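Reading through the C-alpha cells given below for one structure.
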Amino acid sequence: MSTPDPISLAPRDVRTAWSAGTRPLQEAFPSHADRLLRAIAYAHYGPFPVPILITGKERVGKTTLINALAELTGQLDAPPIKQLSLNGIRAAAQPGRPLLIDDAAPTASLARPSMLSQIAGEVYAVRSTPLHDVSILGASGDQPIDLHTLPRVIHVHLGTRQQIKPLRAVGAEPATAARMLIHSHLQANTPHINLDPDARYAAVLAADPDAAHERRRGAALYVGDRILSELALIPSSSEAPRWLEPDDRVVWALRAAIRYMRANGGVIAGSAHESAEWIIGRAEGDQVMLFPSEALTFIRAELGDRTTTTNAVTRALSRLRLISTDSAQGGTVPVKLNGRLVRAWRMPATALD
C-alpha cells in the first residue's frame, strides 16, 4: 500500500480543503462524522486503539465511507489481502500505515463468527497481533457484529439507504482531492503539535494496553479533538471531554478544578503544619491528599452538574483505581492538618499533573 508524501499548505488552503472534504461527510453521515474525524486525527499521532467497523445492508454507503476514510488516512490503494481471512488481514498490516478493508464480511461469507467480530476479537484479546501497529484499522461488511464486541470498537451502523445526492458529494472529485490534502496536512503537522497536559495525559491512557478499550477509545478521540483544534481545523471549545468515558470525565473535571483552585490561591500543603489562607490538599511523597470539601463545587462546575456528590466522584475515582477502595473509609482517608482531621482523596500525584 502506498501513501502520499506530506506537503505544506497555506492556512487559507487548509480551511478550504477541510470544508470541501469534510462537509459532505457531515451531510451524508451526520451521526458518525465527528467521531470518525477525531479518530482519523489521532491516527496521525499514534495507532488508534480500537477498530472502526461499518455495518449495514447493501447500498447504504459503506463503500463510500470506507473510501473517504482511506483518503483521510493516506491509503491510496486497496489493501493487498490475498485471502479474506484473519491470517490474510494480519499479513496485510504494515506498522504505521492505515488498514481499511471494504466488504470484509459479505452476506455470503461462511466465516463464523463474522469477520468483523474476528477482527475486533483479535485486537481485544491478542497482545502481539500486527493489527495493533497499524495507524488505524477499519472494515465494512453486511454481517452483524457480536453484541459483546460493540462497546470495544467504533461501530458505524448504516441502517437505511442514504440519499443519493449526499453520497455522490462525498465521492465527487473535489471532495476526494480535498481529503487527500487534509491527510497530507495532518501528516506534516501533527508530530509538531505541543499537546497540553490534559491531552498528554489522555495520550498516555490511549496507548495503555492494560486500560479498558472503552477508556482508550475515549482518550484517543479526546486527543484527536485537541489535534484538530490546535491545527485550527475545528473551533477550540471546552467540549472535548465529551468524548471520554463517564468516569474519565470526572477525572478531567477534577484536574480542571485543581488548576482553577491553584490559580486562585489554593495551596497543596507540604506538611501537616503548613499554614496558608486556602489549603486544598496535602502532598505526601508521590501522593496527594485532596480535600473533597474544597474541590466539589468546582468539579460540579466543570461537569455542568450541580447534583454531583462527593460519593459519586469517589466511586468514579475508585473504579479507576485512582484512590483507596477501602469500604470502611468510604474511599477517603483521614488527614491531619493544623491539629484537625479532614477527609481526603489519596491519589497519585501523576493523575493530577
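Numbers for the structure displayed
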read-out	value
Contour minus Cα-Cα distance for residue 112 and residue 239 (0.36 nm per residue)	41.7 nm
Virtual paramagnetic centre 7 Å along Cα→Cβ of residue 94, amide N under 19 Å, in region 174-210	180-181, 183-188
Cβ-based net charge around residue 17, under 15 Å, with every Lys or Arg adding one and every Asp or Glu removing one	+1
Long-range amide H partners of residue 54 with built H, under 5 Å	139, 140, 141, 156
Anchor residue 62: lysines whose Cα lies under 19 Å away (excluding residues fewer than 8 positions away in-chain)	165
At R0 = 51 Å, FRET efficiency that the Cβ-Cβ distance of residue 172 and residue 259 yields, to 0.05	0.65
Whole-number D in µm² s⁻¹ for the chain, Kirkwood Cα-pair radius fed into Stokes-Einstein, 25 °C, 0.890 mPa s	111
Fluctuation leader among 135, 19, 238 - the chain, Gaussian network, Cα springs under 10 angstrom	238
Among 102, 286, 146: highest mean-square fluctuation, GNM of the chain, C-alpha pairs under 10 Å	286
Region 277-282 - phi-based ³J(HN,Hα) in whole Hz, Karplus 6.51/-1.76/1.60, Gly and Pro as x	5, 9, 9, 9, x, 9
Degrees between helix 197-206 axis and first principal axis of the chain (Cα, 0 to 90, nearest 10)	60
Per-pair calculated FRET efficiency, R0 = 25 Å: residue 319 and residue 200 via Cβ, rounded to 0.05	0.65
Rel. contact order, % - alpha carbon contacts under 8 angstrom, at least six apart, region 218-261	37
Full-extension gain in nm, residue 125 to residue 157, via 0.36 nm per residue minus C-alpha separation	9.2 nm
Antiparallel DSSP beta bridges within the chain, percent to nearest 5	45
Calculated diffusion of region 11-200, Stokes-Einstein form, Kirkwood radius summed over Cα pairs, 20 °C and 1.002 mPa s, µm²/s	127
Top of 118, 26, 163 by mean-square fluctuation, Gaussian network on the chain, Cα under 10 Å	163
Inter-site label distance for residue 10 and residue 273 at 7 Å from Cα along Cβ, in nm	6.7
Rg ratio (alpha-carbon, reference 2.2 N^0.38 Å) - region 246-351	1.00
Summed residue charge, Cβ within 9 Å of residue 290's Cβ, Lys/Arg positive, Asp/Glu negative	+1
FRET efficiency, 1/(1 + (r/R0)^6) with R0 56 Å, evaluated for residue 301 and residue 146 via beta carbons	0.90
Percent of Cα pairs exceeding the 17 Å cut-off, where the set is region 35-148	50
Relative contact order (%) - criterion: Cα under 8 Å, at least six apart; region: region 11-200	38
Point-to-point label distance, residue 283-residue 212, nm (Cα→Cβ direction, 7 Å offset)	3.2
Listed residues 176, 207, 227: farthest to the positive end of the dipole of region 145-247 (Cβ charges)	176
Euclidean distance of C-alpha centroids, region 68-119 and region 45-64, integer Å	10
Gain in span if fully extended, residue 76 to residue 31, counting 0.36 nm per residue against the direct Cα distance	13.6 nm
Rounded to 10°, Cα long-axis angle of helix 11-28 versus longest principal axis of the chain	80
Residues 112, 200 arranged by fewest to most Cβ contacts within 10 Å	112, 200
Whole-angstrom Cα spans of region 20-70 along principal axes, big to small	32, 24, 18
For the chain: relative contact order, % (alpha-carbon pairs under 8 angstrom, 6 or more apart)	18
In degrees, nearest ten, helix 33-43 long axis to first principal axis of the chain (Cα)	80
Peptides 298-306, 224-232, 191-199 ordered by average Cβ neighbours within 10 Å, highest first	224-232, 298-306, 191-199
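Quick note: the coordinates plus some simple rules give every number you see, no bench work behind them. Model, not experiment: these values are computed from the prediction. All Cβ positions, even for glycine, are placed from backbone atoms using ideal geometry, and neighbour counts span all protein chains on display.
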